[in-house]
């Protein structure tokens, strides 16, 4: 049977930013209770008083797994180097039987300079390439027979080194996304390997994004 408390929990769990603000005591309980009154009344199919909702909000305690919280804090403190690469371009191609040939051609180009930034990610219906803008002509030549759906210049990548135990820690990636969202930073692309996490942002946002990520280490 649903109660006011269970309805409050259901709403907060589905809106993590709201739950986070509540835990940080930066919300007005009375105003939030008024805001939730109609939704909770619909969920319970009967009128609900704002005072009862406010009491449920004050009593709400998010589920916490202490062992994972300790691991999460330790992982954030032990993040590796944060590397910024600028002057990047992003291309999206429709998948085809010949697409891999273009990728192989680019790998031959990379042999000449191992320091070039290049990622190739194949999805179900499309593939993505991120590369130094200086190699635009090589990209266009290598993938000239493919259908390019989007192309974007003036991008920067921020790569974060992750501790080896990162795959065993729940919520680690969420911390990055939450911090960037709080700062109003939109992500153009996300790429990850086992121990590295890379975000791609527009050049105008790179300084702000770097500061936000660096702040997590502190």
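General observations
- Number of the condition not met by residue 190 [criteria: (1) over 16 Å from residue 81 (Cβ atoms); (2) in contact (Cβ under 8 Å) with a residue 12 or more places away in the chain; (3) part of a strand (DSSP E or B)]: (2)
- Counting the residues of the range 139-179 that are assigned to a helix (DSSP H, G or I) and in contact with a strand residue (DSSP E or B) (Cβ under 8 Å, 6 or more places away or on another chain) gives 3.
- Lone unmet requirement of (1) modelled with pLDDT under 95; (2) in contact with a helix residue (DSSP H, G or I) (Cβ under 8 Å, 6 or more places away or on another chain) for residue 155: (1)
- Any hit, the range 164-176, residues being more than 21 Å from residue 74 (Cβ to Cβ), surrounded by 14 or more Cβ atoms within 10 Å (Cβ to Cβ) and in contact (Cβ under 8 Å) with a residue 40 or more places away in the chain: no
- Number of the condition not met by residue 124 [criteria: (1) surrounded by 13 or more Cβ atoms within 10 Å (Cβ to Cβ); (2) modelled with pLDDT of 95 or more]: (1)
- Within the range 1-83, helices (runs of 4 or more DSSP H) holding 3 or more residues that are in contact with a helix residue (DSSP H, G or I) (Cβ under 6 Å, 6 or more places away or on another chain) and surrounded by 11 or more Cβ atoms within 10 Å (Cβ to Cβ): 4-14, 29-44, 50-59
- Restricting 186, 211, 134 to residues that are exposed (fewer than 15 other Cβ atoms within 10 Å of the Cβ), farther than 30 Å from residue 70 by Cβ and under 17 Å from the mean Cα position of the chain (by Cα) narrows the list to 186.
- Residue within the range 140-148 that is surrounded by fewer than 17 Cβ atoms within 10 Å (Cβ to Cβ), closer than 19 Å to residue 188 by Cβ and modelled with pLDDT of 95 or more present: yes
The values are calculated or read from the model by the stated rules, or taken from the named source; none is laboratory data. Since we're looking at a predicted model, the values are computed, not measured. All Cβ positions, even for glycine, are placed from backbone atoms using ideal geometry, and neighbour counts span all protein chains on display.
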